[in-house]
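Worksheet: the structure to be examined is printed underneath.
The values are calculated or read from the model by the stated rules, or taken from the named source; none is laboratory data. Computed from a predicted structure; not experimentally measured. Here Cβ is always computed from backbone atoms with ideal geometry, including for glycine, and neighbour counts include all displayed protein chains.
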Amino acid sequence: MQEIQNLVASAVAAQGSDINVEITRPDSQFGDFTTNAALLIANKQSKKPREVAELIKQDILNQKSDLVAKVDIAGPGFINIFLSNQALSNSVQKTINEPDFANSNLYKNQVVVAEYSDPNPFKVLHVGHLYTFIVGDAIANLLEMAGATVHAVNFGGDVGLHVAKAMWGILCKLDGENPEGLKAIEAAGRVDWISDAYVKGSTGYKQSEQTQKEVVELNKKIYAIVAAQDKQSSLAQIFWTCRQWSYDYFDTIYERLGSRFTEQKKRGERVYYPESENTQLGLDTVKQQLKKGTYQTSDGAVVFKGEPYGLHTRVFINSEGLPTYETKDLGCNMAKWRDYHFDKSIIITGNDIVEYMKVVLKSIEQFEPKLATATTHITHGMVRLSGGIKMSSREGNVIKATDVLDVTAQSAKDIAEQHNQAVEIGAVKYAFLKQRLGGDIMYDPKESVSLAGNSGPYIQYAHARACSILTKTSSQPDLAGFVLQEWDRRLALKISQYPEVIALATQELKPHHICTYLYELAQEFNRFYENQKVVGSSEQAGRLGLMTAYTKILAHGLKILGIEAPERM
C-alpha cells in the first residue's frame, strides 16, 4: 500500500498541490485502490475534478511502475488503481519468504508495560477479569509484533476492605487465629473455601454493625502486617498463606488459557504487582506531594481536586489515615515507572472507572508528567452471557471465569463429541476479541464453538483444512510466471491486505480488526477453492504458493489473538 501511496503522492505533487493523499481499498469492482485526491485538488484550484483526475492518471502511468496494471476514473473524479499480476505475486511471495512479513515497526525498541486482568486475591477470577485478560494478551502480542519489549503485569488488591471481609470469614471458619487449621484444607478445595469465607464476611458486614466494626479493625491489622512484613504472628500466617492460595489459583487459570503471564513466570519475570507492595510508595508520594500542594486536606482526608481540570475531586487518604484505591493505583503506576521507565504504559480495565482513572493520572501528571502522558487507559464494556451460564450466588452473584470455560468446553463436546482444549479456549478468545473494544458484548457458548460462522473454531478449521490440502502433494510452491486468474487474483489481493490490517490494529490497539480480516480471508479462500483446482492443475505450483501464504497468515493472525493454529481438527 505504501508504494501505491507514493505513486499517487508524486502525481498529486506534479499538480502543484500539497494535499494529504489518502488511498483506500474499495469494493473489488472499483479497483484495488482508490483516491479522491482529484476532487480535493479541483476544489482548491477551482478546476473540473475529472480534468484533474485525467492529469493524475496520466502521471501515474508515466511513472511506469511495475505495480500498476491500469488506472480508471469513475464518477465525478475518483481515481481507481488496479495492481499488476507481478505486484500481487510479489506480495504473496513476500508473505511466504519473510518471517516478519506483517510486522510493523511502530514500537521498535520501545519498552511497553501492559497491565490487565487484575483479579483480587481472596476473591474468584470472574468473567470481567477473563475478558480483560484475553484483550490484554492480544494487545500485548500486537505490541510485541510491532517491535516493542513488552512486560505484561497484573495489579490486584491483596489489602483493603474486601480482604478484611474474607479474613473475617476465614477466622470464623478456623474458630479464631488458628493457622494450623489451614492444613486440613485440601488443595482442590482451597479457592471455594476462601470464596465461601468472603461471602460469609461480606454478608455479615452488611447485616451486623458489630461485624462491621470487627472487619474495620481487622483491615487495620492487615495493613499493619503488610507494613511490618510480619510473617510470624498467627494472623499474618493465615493472611500470607491464603493470599498465596489465590495466586496459585490465578496461575492455574492463566496456564489453562495459554497466557503471557505463564511464560513470563517461567522466565523468572515479575507478573504480579500486589497492592500491599505498592501502597507505601503511593502513601509516601501523596504525603510528599501534599506538602507541595498537589494534594490538599479536606475534612481530615487528603484529596486531589480535579475540578480545575474538568474532572472531579477524589479522596486519596481517608479520614482514618488509610490509603484509598486511588493511592494504591498511584503506587502501582509509580512502581511500574520505577521498574521499567517505560516508553508506553497500557492499562486495560472495564469502562466503569474511566473518570476515576482520569483523576488518578491527572494527579500524577502534576509531578511525573512523562509517566502520565506515556500512559494509555483502554476500557471495555461488560460481558453479558446467554446459553445457560448462571451467576453463582455462593460467590456473590458473579460469573466465574472457570464457569465460562467449562460451559464452552461442554458446548464444544456436544458438537464434536470429543475434548479439544485448543478449540475450546480459541472459541472463547475469538468470541470476545471479534467485537469492537469499548461496548458491552454478548457471549453465547454454543455460537462460539460453531464451525458454520464467524468463530474461533471456524478459523482454526480453515487453517487445518488448508494444511491438509498442502500435505496431499510433495510439490513446492512456485509463483514464477504464475498468471493469476479471477479467483487466484481475488485471494492474492486479500492476502496483500494483511500488513495493512496489522498496522491498523496496532495503531488503534483493537484486535477485532484481525478477527474481521481472518474471517473474510477464510471466506475468500473457500470461494477460491470451490472455483479453482489446485492439486493436479496446470497452475498447481502457483496456487500452492497462494495456499502457503494463506495458511501462514491464518497462523500469524491466530497467534496474535493468543489462539492455537492446529494442523488437524
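Checked against the criteria, Tyr430 does not count as surrounded by 15 or more Cβ atoms within 10 Å (Cβ to Cβ), assigned by TED's automatic domain parsing to the domain that holds Glu508 and modelled with pLDDT of 90 or more.
Inside the range 435-455, residues that are out of contact with any strand residue (DSSP E or B) (no Cβ under 9 Å at 6 or more places or on another chain) and of a type outside the set (Ser, Thr, Tyr) make up a count of 8.
For Val449, the criteria (1) aliphatic (A, V, I, L, M); (2) buried (at least 20 other Cβ atoms within 10 Å of the Cβ); (3) more than 19 Å from Gly542 (Cβ to Cβ); (4) at pLDDT 95 or above hold in every case but one, which is (4). So Glu539 fits all but one of (1) within 30 Å of Tyr107 (Cβ to Cβ); (2) buried (at least 17 other Cβ atoms within 10 Å of the Cβ); what number is the exception? Failing condition for Glu539: (1). Restricting attention to the range 255-307, the residues that are of a type in the set (Ser, Thr, Tyr) and under 16 Å from Asp118 (Cβ atoms) total 5. Listed by first and then second residue, the pairs linking a residue in the range 352-366 that is surrounded by fewer than 16 Cβ atoms within 10 Å (Cβ to Cβ) to a residue that is of a type outside the set (A, V, I, L, M, F, W, C), with Cβ atoms under 6 Å apart and 6 or more places separating them unless they lie on different chains, are Val354/Thr379; Gln366/Thr294. Restricting attention to the range 305-353, the residues being of a type in the set (A, V, I, L, M, F, W, C) and more than 24 Å from the chain's Cα centre (by Cα) number 5. State the number of residues belonging to the range 193-223 that are within 21 Å of Asp158 (Cβ to Cβ) and without any contact (Cβ under 8 Å) to a residue 12 or more places away in the chain. Count: 1. A count restricted to the range 243-258 and to residues that are over 17 Å from Gly156 (Cα atoms) and surrounded by 16 or more Cβ atoms within 10 Å (Cβ to Cβ) stands at 2.
All told, Thr376 meets the bar of being out of contact with any helix residue (DSSP H, G or I) (no Cβ under 6 Å at 6 or more places or on another chain), modelled with pLDDT of 90 or more and not in a loop (DSSP other than H, G, I, E, B). With respect to Ser246, determine if the residue is closer than 15 Å to Asn120 by Cβ, of a type in the set (S, T, N, Q) and in contact with a Pro (Cβ under 6 Å, 6 or more places away or on another chain). When the stated conditions are applied, Ser246 passes them. Taken over the range 354-369, residues that are under 24 Å from the mean Cα position of the chain (by Cα) and either at pLDDT below 95 or under 27 Å from Glu144 (Cα atoms) (or both) amount to 4.
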